[in-house]
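The values are calculated or read from the model by the stated rules, or taken from the named source; none is laboratory data. These figures come from a predicted structure and were not determined experimentally. Cβ placement follows ideal geometry from the backbone for every residue including glycine, while neighbour counts extend to all protein chains displayed. For the accessible areas, the whole protein counts, side chains as well, though only heavy atoms, and no ligand, DNA or RNA atoms are used. Shrake-Rupley method; radii C 1.70, N 1.55, O 1.52, S 1.80 Å.
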Amino acid sequence: MHRYKGTRWAVNEVFRVLGIEIELKEWWEQSGSSQPYTFDLTAWANDNLMSDQALLNPDLYARLRRMINSVKPARSSYGFKIGAVFTQPLRWAGAMRGGR
């Protein structure tokens, strides 16, 4: 990994190892006028990597951000979003209690 630090491959590899799908768009791939040496990254955390917490939580966000910072190109800045995509239908339940 150290040999490829600072490359798009290194960023992709960090998430591949964790089983997280990502969408990474570098500045030259984005429509409109983006700043050079920037990228936007969206991570889709579909499995609970931290079983004692909610699927999407501040600790997971902070950990993934640290991992990105450790392998991204030093001169690059980035936008980072994390989300979840569910392949199975969601089932919702609710209850309401009325009172007088």
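Restricting attention to the stretch 55-100, the residues that are at pLDDT 70 or above, assigned to a loop (DSSP other than H, G, I, E, B) and small (Gly, Ala, Ser) add up to 3.
Summed over the stretch 40-54, residues that are modelled with pLDDT of 90 or more and open to solvent by 40 Å² or more (accessible area, probe 1.4 Å) total 1.
Looking only at the stretch 1-13, filter to residues that are outside any helix (DSSP H, G or I) and either surrounded by 13 or more Cβ atoms within 10 Å (Cβ to Cβ) or basic (Lys, Arg) (or both); which one of those is modelled with the highest pLDDT? Per the stated criteria, the residue is 7.
So, of the residues in the stretch 14-34 that are touching a residue at least 24 places away in the same chain (Cβ under 8 Å) and out of contact with any strand residue (DSSP E or B) (no Cβ under 6 Å at 6 or more places or on another chain), which turns out to be least open to solvent (accessible area, probe 1.4 Å)? Steps first, please.
Keep residues of the stretch 14-34 that are touching a residue at least 24 places away in the same chain (Cβ under 8 Å), which gives 14-15, 18-21.
Adding the requirement that they be out of contact with any strand residue (DSSP E or B) (no Cβ under 6 Å at 6 or more places or on another chain) leaves 14, 18-19.
Values: 14: 17, 18: 64, 19: 55 Å².
The residue in question is 14.
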